[in-house]
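These notes concern the structure reproduced below.
The values are calculated or read from the model by the stated rules, or taken from the named source; none is laboratory data. Only a predicted model underlies this, so the values are computations on that prediction, with no experimental measurement involved. Reconstructed Cβ throughout: ideal geometry from the backbone, glycine too, with neighbour counts over all protein chains shown. Calculation scope for accessible area: heavy atoms of the full protein, side chains included, ligands and nucleic acids excluded. Shrake-Rupley method; radii C 1.70, N 1.55, O 1.52, S 1.80 Å.
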Amino acid sequence: MRILTTAALAAAVAAAAIPLAAQELPRTPWGHPDLQGIWSNTTTTPLQRPEELAGRTTLTDEERAERDAERERNADRPPPPGQTGAYNSFWFERGVTGEQTSLVVDPPTGLLPPLTPAAAVRADAIHAVRYSDRRNWTTDFHLYDRCITRGLPGGMMPGFYNHNYNIMQTPDYVVLQVEMIHDSRIIPLDGRPHLDPSIQQWLGSSRGRWEGDTLVVETTNLSAKANEQRVDMANVVFGIGEHARIVERFTRLDDDSLDYRVTVIDPTTYQTEWTAAIPMVAIEGPLFEYACHEGNYALRNMLSGARADEAAAAAAAGGK
């Protein structure tokens, strides 16, 4: 985990909002826009637009500063009674508030589109299990808890720390290494077809192409097992699985900023498609190892605690 100062992040976010000036884009020796380097998308801008900002797409500099100051004032409050709490602010890397009022830019409301009726039923069932104190097995926890993957689009969404990315290029491939839960994406650029639909993968089948100076990556073949992921700070549960198509666009703006946009098309989950715009800023490297399972006693302890509660309840019932 790296710690970035608020001042450095504020400067980087501000730079990301500046359009490309007269200088030339950095290019690879073979002529493609050079996306290589280590980038961060850390921000406290919410995925969905808060109700009090309905109808607004941007914040003023003063509003951004006040929101960051309010977050600092509320940092490290004691957890509610009966809860253990989590990390204190020293360990978090939340970043600063960006100009956008939400990462979602389409629909124009800044809100995710409604779920389909079937997806809503599934989301309620997931929520009931995930926020219950009765877990029967590890599969009752999402893949993020189990240190397997954040899937897509989760792996490309900001959160609370380690949301850093190493992009490498050759004429025929782009490789995108994700620091959070150590995912790596190898994206061919040679026009090959996607994998057979019967082959599903955690990160799907990605294929890239250049449209002008923008790298466009289309991903299909996502695993049905990855359709219960928590992908943002608000714990939104997405049902993105084998029927989804994800289209990402990477556009380098200048030496220090990258425009990243992701569109999710999944008619079995959402009533319409949606797009999020997530600025990325250049940072110093390297990426650090994310050894998620080292010391990860939480799942074992939660399961053993649930079994102990069940045994105690059974013993009490038998003694009556």
(Q) Show the residue pairs meeting these rules: Cβ distance below 6 Å; 6+ apart or different chains; first residue within the range 45-58 and outside any loop (DSSP other than H, G, I, E, B); second residue modelled with pLDDT of 95 or more and surrounded by 18 or more Cβ atoms within 10 Å (Cβ to Cβ). (A) LEU53/THR101
Q.
Given (1) under 26 Å from TYR290 (Cα atoms); (2) open to solvent by 10 Å² or more (accessible area, probe 1.4 Å); (3) in contact with an Asp or Glu (Cβ under 9 Å, 6 or more places away or on another chain); (4) of a type in the set (A, V, I, L, M), identify the lone condition not met by VAL129.
A. (1)
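Can you find a residue that is polar (S, T, N, Q), open to solvent by 10 Å² or more (accessible area, probe 1.4 Å) and under 18 Å from TRP39 (Cβ atoms) anywhere in the range 138-149?
Checked against the condition, which is being polar (S, T, N, Q), open to solvent by 10 Å² or more (accessible area, probe 1.4 Å) and under 18 Å from TRP39 (Cβ atoms), the range 138-149 yields no hits at all.
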Q: Could you figure out which of (1) in contact with a Phe, Trp or Tyr (Cβ under 6 Å, 6 or more places away or on another chain); (2) modelled with pLDDT under 95; (3) of a type outside the set (A, V, I, L, M) isn't true of PRO171?
A: (2)
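Do you know which of the residues in the range 98-114 that are of a type in the set (Val, Ile, Thr) and over 16 Å from the mean Cα position of the chain (by Cα) is nearest to GLN271 (Cα to Cα)?
Among those residues, the one meeting the criterion is THR109.
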Q) Inside the range 265-302, can you point out the residues that are hydrophobic (A, V, I, L, M, F, W, C), open to solvent by less than 60 Å² (accessible area, probe 1.4 Å), modelled with pLDDT under 90 and out of contact with any Phe, Trp or Tyr (no Cβ under 7 Å at 6 or more places or on another chain)? A) ALA291, CYS292, ALA298
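Name the one entry in GLY85, GLY155 that is touching a residue at least 12 places away in the same chain (Cβ under 8 Å) and not hydrophobic (A, V, I, L, M, F, W, C). Don't jump to the end; show me each part of the working.
Details: GLY85 fails: touching a residue at least 12 places away in the same chain (Cβ under 8 Å).
Testing whether each residue is touching a residue at least 12 places away in the same chain (Cβ under 8 Å) and not hydrophobic (A, V, I, L, M, F, W, C) leaves just GLY155.
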Q.
Could you check the range 79-97 and list, in sequence order, the residues that are among the hydrophobic types (A, V, I, L, M, F, W, C) and open to solvent by less than 60 Å² (accessible area, probe 1.4 Å)?
A. PHE92, VAL96
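In the range 259-302, which residues are part of a loop (DSSP other than H, G, I, E, B) and within 15 Å of the chain's Cα centre (by Cα)?
Going through the range 259-302, the residues part of a loop (DSSP other than H, G, I, E, B) turn out to be 266-269, 271-273, 283-297.
Within the range 259-302, no residue meets the criteria.
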Q: Could you run through the range 27-55 and say how many residues are within 13 Å of the chain's Cα centre (by Cα) and among the β-branched types (Val, Ile, Thr)?
A: 4
Q: Considering only the range 126-137, state which residues are more than 23 Å from GLU273 (Cα to Cα) and either touching a helix residue (DSSP H, G or I) at 6+ places or on another chain (Cβ under 6 Å) or at pLDDT below 80 (or both).
A: ALA128, VAL129, ARG130, TYR131, SER132, ASP133, ARG134, ARG135
Q) Quick one: GLY318 ticks every box in (1) modelled with pLDDT of 90 or more; (2) surrounded by fewer than 19 Cβ atoms within 10 Å (Cβ to Cβ) bar one, so which box is it? A) (1)
